[in-house]
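Okay, structure first, notes after.
Bear in mind these aren't lab numbers, they're just calculated from the coordinates by the rules spelled out. This structure is a prediction, so every number in the text was calculated from the model and none was measured. Here the Cβ is made from the backbone with ideal geometry for all residues, glycine too, and neighbour counts use every protein chain on show.
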């Protein structure tokens, strides 16, 4: 995948995060969750049509353009919406949900965009850099501002989860970690 | 529209039940009978396993068919385990506990819907499958119907179904991860 298409992918990531943020802020978490659910179903239909070889017209070109190199099937869009469904259903407090959406939408994209230029590799994951993780930590600033020490614990935990070398999509792991940590306090 | 924003700035409001009220107030006898049959956990589990086995038996390449069946079963099992654990952690009361339902209310918890989670997990197991192009759509439609029937009966609120969809995504990611580990070994 070229740097250009990776950037495009991350801008799309931020855009969807922003849309999700405003949907939750304006409609409320329950109504927004219906839209995430509908979006997830739509994503599944499109992904199946594409990967089963039926084709989805011009969308297929988009898929190929945004697909990560070396991946058989890129389900990123579906993981994102699935994660949003998890967040919207398990985070009962709206401001916590919005904080998690900032970490997911902005943090994950920033960590990739900044991390790409980083020089200091993380010792347990040579594909990620300390600079990228720092960007992720910065994007969790609203949590630190709102919840103090608990927010800092959340920021550190989500950053740690994002940097782990596990083969599960970041969007899903960040959402699951956010839901677990925020429900602890 | 601005209620959501007020909620953002102020205390947490009770989740909206508008869609749940509309769906659960419907009354159509054949639909009630089918939904009541699907409500039985044992019958529902048996039906899901029967679908998986039938697809495996119908496959041209039996080896691939059974491997796919194994993946689908792992997917559903993970969805059940994660969902069941979350039910016990969140301990959200079923809507039928405080409102009238079409069948006797179950004594366990509501969030997430295990019926929805396992049905969506089953459909996800056949996502992008070139050998069974139509099967995915049939299973997805079945999962949507099952989700609808849960709300229709009054056993679950709409947010439980959305959570089930998210859990199915988590289970699918977990099954893919386990499958990847298996291949490496």
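A compact table of results
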{"quantity": "Highest to lowest packing among A:119-128, A:106-115, scored as the average C-beta count within 10 Å", "calculated": "A:106-115, A:119-128"}
{"quantity": "Helix B:62-90 vs. chain B, principal-axis angle (Cα, 0 to 90°, nearest 10)", "calculated": "20"}
{"quantity": "Chain B: calculated mean residue ellipticity at 222 nm from DSSP helix runs of at least 4, using -39500 (n - 2.57)", "calculated": "-24000 deg cm²/dmol"}
{"quantity": "Relative contact order of chain B, defined on C-alpha pairs under 8 angstrom at six or more residues apart (%)", "calculated": "27"}
{"quantity": "Number of partner chain Cβ atoms within 10 Å, mean per residue of A:87-94", "calculated": "6"}
{"quantity": "Segments B:96-108, A:153-165 sorted - mean Cβ within 10 Å per residue, highest first", "calculated": "A:153-165, B:96-108"}
{"quantity": "Residue list for region B:154-170, given a label point 7 angstrom along the Cα-to-Cβ vector of residue B:107 and an amide N cut-off under 19 Å", "calculated": "B:155-156"}
{"quantity": "Nearest-ten-degree value, helix B:29-39 long axis tilted from longest Cα axis of chain B", "calculated": "60"}
{"quantity": "Inter-part distance where region A:119-165 and region A:81-118 are each reduced to a Cα centre, Å", "calculated": "12"}
{"quantity": "Cβ crowding within 10 Å averaged over residues, with B:162-173, B:56-67 ranked highest first", "calculated": "B:162-173, B:56-67"}
{"quantity": "q = 0.14, 0.19, 0.21 Å⁻¹, region B:99-161: log10 I(q)/I(0) [Debye, one scatterer per Cα]", "calculated": "-0.44, -0.69, -0.78"}
{"quantity": "Residues B:89, B:51 arranged by fewest to most Cβ contacts within 10 Å", "calculated": "B:89, B:51"}
{"quantity": "In Å, descending, principal axis extents of the Cα set of region B:32-184", "calculated": "50, 32, 22"}
{"quantity": "P(r) histogram, all alpha-carbon pairs of region A:98-171 included - 5 Å bins from 0, percent", "calculated": "3, 19, 28, 25, 15, 7, 1"}
{"quantity": "Ranking of A:54, B:158, B:32 by count of other Cβ atoms within 10 Å, fewest first", "calculated": "A:54, B:32, B:158"}
{"quantity": "Angle between chain B longest axis and helix B:158-184 axis [Cα atoms, degrees, rounded to 10]", "calculated": "20"}
{"quantity": "Residue-averaged [θ]222 nm for chain A, counting only DSSP H segments that reach four residues, each worth -39500 (n - 2.57)", "calculated": "-23500 deg cm²/dmol"}
{"quantity": "Chain A: translational diffusion in µm²/s, Stokes-Einstein, Kirkwood Rh over Cα pairs, 25 °C, 0.890 mPa s", "calculated": "146"}
{"quantity": "For B:94-107, mean number of other protein chain Cβ atoms within 10 Å", "calculated": "0"}
{"quantity": "Sorted by Cβ density within 10 Å, fewest first, the residues B:137, A:77", "calculated": "B:137, A:77"}
{"quantity": "Relative contact order (percent, whole number), region A:95-158, Cα cutoff 8 Å, 6+ residue spacing", "calculated": "30"}
{"quantity": "Shape call, region B:130-173: gyration tensor on alpha carbons, a/c limit 1.5", "calculated": "oblate"}
{"quantity": "Ellipsoid semi-axes in whole angstrom, largest first, where each is sqrt(5λ) of the Cα gyration tensor of the protein assembly as shown", "calculated": "32, 28, 18"}
{"quantity": "Mean Cα-pair separation over length for chain A, i.e. relative contact order, pairs under 8 Å, 6 or more apart, %", "calculated": "24"}
{"quantity": "Cβ neighbours within 10 Å from other chains - mean over B:120-132", "calculated": "3"}
{"quantity": "Rough spin-label spacing in nm, given labels placed 7 Å along Cα→Cβ, for residue A:120 and residue A:168", "calculated": "2.9"}
